[in-house]
Amino acid sequence: MDSNNSKNNNEKTPYEVLGVNQGASFEDIQKARDIKVKEAGEDLMLKAKIESSFDQLLMGSLKARQSGNVSSAAESASQKEKQVNQLSNNNFPLLSKIRNLNINANNSNQNSLPKITAPSFDNFLIKLSVGILFLILLLISPDSNNRLLLSISTIILTYFQIKSGKRFISSLGWSVTLLSVGLIFGGLFETNSFIREVSNNSLSIEKIQSIPAIIILWIGVIFL
């Protein structure tokens, strides 16, 4: 009798051994395997047959997925999703249009927006342009702004000195030295008769004293 039972078990397919239908889900196959193992009790041969059948079905399922075959559950889920999309498009056309507009807008923004990069202040022409701007502001602004413009120029020079790798004390020392040299030159211009005549006609003596200082500071910004 035992030989007949084993012979019958050997002739069964893995689906028949586990008692599941073809196309069953992995969860159903796994549950059937657990039930059959419990029913087998101490029969090691039957347990081995059950485990072998489970492995065969598992490998078959993996091969089906790799080859592109889809289970019936997946097909039904895909069909349900299509039905839901069709229902939403038919019953709520405004919502579907808004959703499509948002998707198209996001795609167009990603493709059409140019990448904007801020200009680097380290550029020679930019430094020169800003230096000329400070000089023009010095000439046209009231005398009360002279010290402010000189102070800002000194801070900018100190910043670029630190950025180039110098220490703060050394950078500040260079900036103050150049400022002092410029003010000394401005004081020397004050004694020139031609400069005095120009100051009486158009520029104040304070501006004439500040012009060399701001020029020297921005030369330091550009070249140091």
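Where a number appears in this text, it was derived from the coordinates with a stated rule and is not lab data. Fair warning: this is a prediction, and the values are worked out from it, not measured in the lab. Please note: Cβ atoms are built from the backbone with ideal geometry, for glycine as well, and neighbour counts cover all protein chains shown.
Here the label points at GLU51 and VAL37, each 7 Å from Cα along the C-beta direction, are separated by 0.8 nm in the simple model.
Among 125-131, 204-210, the peptide with the highest mean count of other Cβ atoms within 10 Å heads the list, and the full ranking is 204-210, 125-131.
Taking θ as phi - 60° and the Karplus parameters 6.51, -1.76 and 1.60, the scalar couplings of the range 154-161 work out to 5, 5, 5, 4, 4, 4, 5, 5 Hz in sequence order, x denoting glycine and proline.
In this label model, ASN21 and LEU137 are separated by 8.4 nm, measuring between points 7 Å along each Cα→Cβ vector. Between LEU44 and SER204, residue separation times 0.36 nm minus the direct Cα-Cα distance comes to 46.5 nm.
Net length available on complete extension from LEU188 to ASN145 is 13.3 nm, with 0.36 nm assigned per residue and the Cα-Cα distance removed.
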